[in-house]
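**Student:** Take a look at the following structure, please.
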Amino acid sequence: MRLFLVPFLLLFLRLGLCLHAGIPRGMVVSQERLASEAGAQVLREGGSAVDAAVATAFALAVVHPAAGNLGGGGFLLSRSASGRSSFIDFREMAPAAAHPRMWLGEDGRYDGARHHGSLASVGVPGTVAGLREAWKREGRLPWARLLKPAIRLARDGFVLSENQAASLAAHLDEFKRHAPTLAQFSREGEALRKGDRLAQPDLAKTLARLAKDWTDFYRGRTARLMVLDMKAHGGLLTATDLRGYRPAIRETLKGSYRGVEILAAPPPSSGGQVLLEALNILEGYDLGGMGASSPAEVHLVAEALRRAFADRAQFLGDPDFNGGIPLSRLLSKDYAAQLRGTIDRERASASAPDRFAWPKDRPDTTHLSVIDRKGRAVSLTYTLEDSYGLKRIVPGAGFLLNNEMGDFNAGPGLTDATGLIGTAPNLAQPRKRPLSSMCPVILVKEGAVFMVSGSPGGRTIPATVLHTLLQVVDFGADAQAAVDAPRVHHQWLPDRIQVESSLPAATKAALQAMGHALKEVKKQGCAQVILVRNGRAEGAADARWPDSGAVAE
Ligand code: DON
């Protein structure tokens, strides 16, 4: 071929891919239909997938206060129409006063209440800076437009669903420990009910300030309100910590599964490592032939997760503080083949508890998935750590603080049978990010986005995402069936399979006969999935949280 034709050919191929990647209507799926609607409206006005994700995330901070947030942090994975992926890490950072022994009392004993429930457990929030960074890179509509629905929902209020009212009522006693929080989330101390309107005027004012100037959160009035509260009640976070917060742009973790390319979360999340390592192991088996939720399939999924989680425990932490995380080895197909060699297809393996155990899982987090007409996609998971974070709003600012520092390990050497971990990679240090399990993913097939998925659920997150993906790739499920299917989870220690009660009884019995201990739960995670099939986006919201909503452009 004549050399001068090459650039034209490349351009043609690229345009071809873009056209191929397009879809007639975009889609937003999140844990609250009202927030998905805010994002879908942004798409209708010509906004990009990132615009829609930003609007949805701000709206979730109002209508899903259990996990949607301004005062927390998370990860945003996106893929452009031309195939460029980017990963924004807006995980909270430890304040400068953090140190490895900060969760020990004067007597040297571990102080769990301080670790998970005190103002010292508040990390420097990353959400506002992260959403701003995403908008700066890939936003199309004005920033202030994206905050508008959130401001309206906070100022005018919204009508509580049965589910929202029940969630607030379930936390009423915790809100009672902090008068401003109780005032925001109750009617003079009484639980709000289905049909009541929840308005959050202080939050509306904070959002309005951020619409004008996002730096207000880190150096303006909002920052001052946070610091005032910290100073008055013994928190660690300072004005300097807030000014020093920066989101990090990280290289997307990439893997493949049966010919599908997977874009996933790198450290400081372990989500991508666990997911990709487990998938590499599972690729060596004919799961499709075994059938979804069959004993053979669930056994292999559990064994794959067991091994991926053992590696997580040993190696993962904030990459800015742990230079030597051996990701390329852990994620190689050769290593997966070695691990497969250690799996007995008839019997459960044993997790060697001599390495170390896990701290308890704590809810809550939330995920949203977006795709726009051009085939640009966003997968965003963010969190306050527990449900409603520290259960404490910033007085005068109306948003909840995170207790994300609870994701750091307990203290040096503090590994014991009760579930504490004391390994070095994830000990608290100034400006370090606590290890996460959040697992936003985007799947790509033949050059175009094929699936977007993610979920809350602490350490169960990569397992939940794994299930949505196996359902589609191995069992040919549509988006809704992939979300609805029963889920299981194994995290190495404790050595048992967590199973949803919807898993067939015969499978549960067969797993026990293979030597697995089971722990039954009603539901695991809350996945929000988009699948592109036959050139159209199918959205599937997870009914495990009844308000979840998939809204088309
Ligand atoms: O980053 C993490 O992995 C945890 N802080 C997330 C907590 C969570 O997902 C609980 N959700 N239900």
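What follows draws every value from the coordinates through simple rules; no lab data is involved. All values reported here derive from a predicted model rather than from experimental measurement. FYI the Cβ positions are ideal-geometry reconstructions off the backbone, even for glycines, and counts take in every protein chain you see.
**Student:** May I ask you to list, by number, the DSSP H helices of the chain whose Cα span along the axis is at least 15 Å and whose average Kyte-Doolittle hydropathy reaches -1.0 or more?
**Tutor:** Correct list, ordered by number: 6-21, 33-44, 49-63, 127-138, 143-156, 201-212, 221-233, 271-282, 295-315, 461-473.
**Student:** Still on this structure, I have one more. Given a cut-off of under 8 Å on Cα pairs at least six residues apart, what relative contact order in percent is computed for the chain?
**Tutor:** For the chain, the relative contact order is 24 percent.
**Student:** Could I ask something else about it? Once you have the Cα-Cα distance between R44 and M514, take 0.36 nm times their residue separation minus that, and quote the gain in nm to one decimal.
**Tutor:** 164.0 nm
**Student:** Just flag the trypsin sites (Lys or Arg not before Pro) in segment 40-87 sitting in loop per DSSP whose Cβ has no more than 16 other Cβ atoms within 10 Å.
**Tutor:** Listed in order of number, the matching sites are R84.
**Student:** Using 0.36 nm per residue, how much length does the chain from T240 to A166 gain when fully extended, once their Cα-Cα distance is taken away?
**Tutor:** Extra length from T240 to A166 when fully extended: 22.8 nm.
**Student:** Follow-up. Against the 2.2 N^0.38 Å scaling, with N counting residues, where does the chain land? I'd like the Cα-based Rg ratio to two decimal places.
**Tutor:** In units of the globular-protein estimate, the chain measures up at 0.93.
**Student:** Ok, one more. Based on the Cβ-Cβ distance of D334 and D286, what FRET efficiency does E = 1/(1 + (r/R0)^6) give at R0 = 25 Å, to the nearest 0.05?
**Tutor:** The computed FRET efficiency comes out at 0.75.
**Student:** Please work out the Cα center distance from segment 190-243 to segment 64-92, rounded to the nearest Å.
**Tutor:** 20
**Student:** Turning to a different aspect of this structure: With each run of n ≥ 4 DSSP H residues scored as -39500 (n - 2.57), what mean residue ellipticity at 222 nm is computed for the chain after dividing by its residue count and rounding to the nearest 500 deg cm²/dmol?
**Tutor:** -11000 deg cm²/dmol
**Student:** Residues of segment 121-162 with the amide nitrogen closer than 18 Å to a label point 7 Å from the Cα of R187, along Cα-to-Cβ, please.
**Tutor:** Of the residues in segment 121-162, 156-162 have backbone N under 18 Å from the label point off R187.
**Student:** Moving on. Cα to Cα, under 18 Å, and not fewer than 8 places away if on the same chain: which aspartates and glutamates meet these conditions relative to K445?
**Tutor:** Excluding near neighbours in sequence, the set is E261, E283, D372, D474, D478, E538.
**Student:** For segment 200-352, what does the convex hull of the Cα positions come to per residue, in cubic angstrom?
**Tutor:** 204
**Student:** Extent of segment 461-553 along each principal axis, from alpha carbon coordinates, in Å, largest to smallest?
**Tutor:** Projected onto the principal axes, the Cα atoms of segment 461-553 cover 47, 27, 23 Å.
**Student:** Another one. Counting only residues 5 or more places away or on other chains, whose amide H sits under 5 Å from the amide H of S387 once H atoms are built in the peptide plane?
**Tutor:** HN-HN under 5 Å from S387: D364.
**Student:** Additional query: So if R0 is 51 Å, what FRET efficiency would A179 and R84 give, r being the distance between their Cβ atoms, rounded to the nearest 0.05?
**Tutor:** 0.60
**Student:** Using only the alpha carbons, work out the radius of gyration and Dmax of segment 158-225 in angstrom.
**Tutor:** Rg and Dmax of segment 158-225, Cα atoms, are 14.2, 38 Å.
**Student:** At 0.36 nm per residue, minus the direct Cα-Cα distance, what do D156 and I249 gain on full extension? Give it in nm, one decimal, please.
**Tutor:** Full-extension gain reported as 29.9 nm.
**Student:** When the Cα atoms of segment 69-200 are enclosed in a convex hull and the volume is divided per residue, what value in Å³ results?
**Tutor:** 171
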